[in-house]
Amino acid sequence: MSPCSPAPAQGASPFDVGTRAQLFVDQVLVRSTQNVCFTLHPAQKHPNNPLVVADKPWEGWRLEIYGSVLYDQEEQLFKMWYIGEEPSFFAPYPTLYATSHDGIHWEKPLVGTIPSPKTRAHNAVAEQTELAGVIKDRADPDPSRRYKMIRWANDLHGYHTMVSPDGLHWTQFSKEPICRGADVITGYFDEARALYVAFPKIVTPVRGHDRRCFYVITSPDFLTWSEPKLAFAPDLRDDAGSLARIEEVRPMLDVPDEPGLMHTDFYGVGVYPHESCTLGFLWMLSINNDARYGNQEGPGELQLAVSRDLEDWERPFRIPCVPRGGGGEWDSGFFVTAARALRVGDEVWLYYGGSNYTHGTPCLYRAEGTGRLTEFTGSIGLAVWKADRFVSADGPGEGGTLTTVPIVYLGEHLELNAATGEGGSIRVELLDLSGKVLACSKPVSGDSLRHQVVWSGGADLRKMSGTPLSIRFHLRSAELYAFAFRD
């Protein structure tokens, strides 16, 4: 079984971890803890941020990563689809194209394929297209469908799909909208499930407000799509935190608070298909009032979610997973993400869009006298995590323990993604279902993504493979991010 394969369809207990790394973003595998806490680790922002800025006449005053970034293995090239805003060059909104050899330094090749009344040389490749969820499909036998796109079509007022031989020349594919809803949608291909997946926005009444909620739809063939199932709806905890998030950007807000209107919505979803789960990067909108321009005012924020089945999601941490920039910085106001994060070596890269304005700022609704480009703009940057280091189970200096639910595994050895402080260590015990110790490890210390556990007495993990057991981690001045049984 590939480590990226989903768990087999069977009962949930004992939990089959196979050879897949297990995270602590959710606590599905945690049976009990003593003196252990769980910590969210926000991404590190790339020091060169923002990496892509509005510097071409046809890009206008701001950019948004309303699209995708992928790494093309065949061409050894990062490719980005994003949008700008300059209506004198294109009808709102064109999808633009950029490339990079290292993912940091980006070029905007003049390979544009749609007409403009003002220039023949540009990098716009799709008309009236927002949120281009682009997939390179090497398996499709038809080369004209090598690239696939899930998008919001402004001219068709619906969620539609497109295909392309090269990612530049796009033709309409869907004959009807693939789902009901309006504007925001993100989409990607889930390799483990062999499914195309999309998260459409469908406004839904929740707790006295019509909310921006997100549903999940899937397709095995890019033609037929499932009925939407609710995945993300704001809850009481979201609403209770609204004022704290609003207060962070108080000087930026254009209207005073209206307590009766204050609440939080979802605005979009980026994902990272991990080998044992799917991580979601949720675009949050905290609303303080109606703006003067027919929309709502408030700041954005990115938060982390996790699911094992794409339908039931947990959100234990309601704080930013990408830190907000300071007052006036390029990413201090609103946030969006690429449709999918990328694994790049031993890191996870999430391209995100940031702005120094909020959702109802005047510059979004009129050009005259609002500081477009001179004071306000939107740009694209990069957030980075070390592999699997999203959440840690932490033990203090005096020590703590974490015991898992019963599991079964495959593989020959156990790896820990962990870091220990001075004098710190991690010891591992394998327990039978009665709690009897079957094997005990030597202490693990240091900082590594792949500590290999060494067993006292030379225990042979192959002999216990497939046998239900529990793991007990003894954590002393230690952060445990993930564990995996590997071949």
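Annotations for the structure displayed:
- Boolean, residue 103 is in a loop (DSSP other than H, G, I, E, B), within 30 Å of residue 195 (Cα to Cα), in the same structural domain as residue 216 (by TED's automatic domain parsing) and touching a residue at least 60 places away in the same chain (Cβ under 8 Å): yes
- Subset of the range 125-142 [among the charged types (D, E, K, R) and not in a strand (DSSP E or B)]: 127, 137, 138, 140, 142
- Looking across the range 386-407, the residues that are within 26 Å of the chain's Cα centre (by Cα) and surrounded by fewer than 22 Cβ atoms within 10 Å (Cβ to Cβ) come down to 386, 387, 389, 394.
- Count - residues of the range 453-471 that are in a strand (DSSP E or B) and more than 30 Å from the chain's Cα centre (by Cα): 3
The values are calculated or read from the model by the stated rules, or taken from the named source; none is laboratory data. Because the structure is predicted, anything quoted here is derived from the model rather than measured. When we count neighbours, we look across all protein chains shown, and the Cβ atoms used for this are built from the backbone with ideal geometry, even at glycine.
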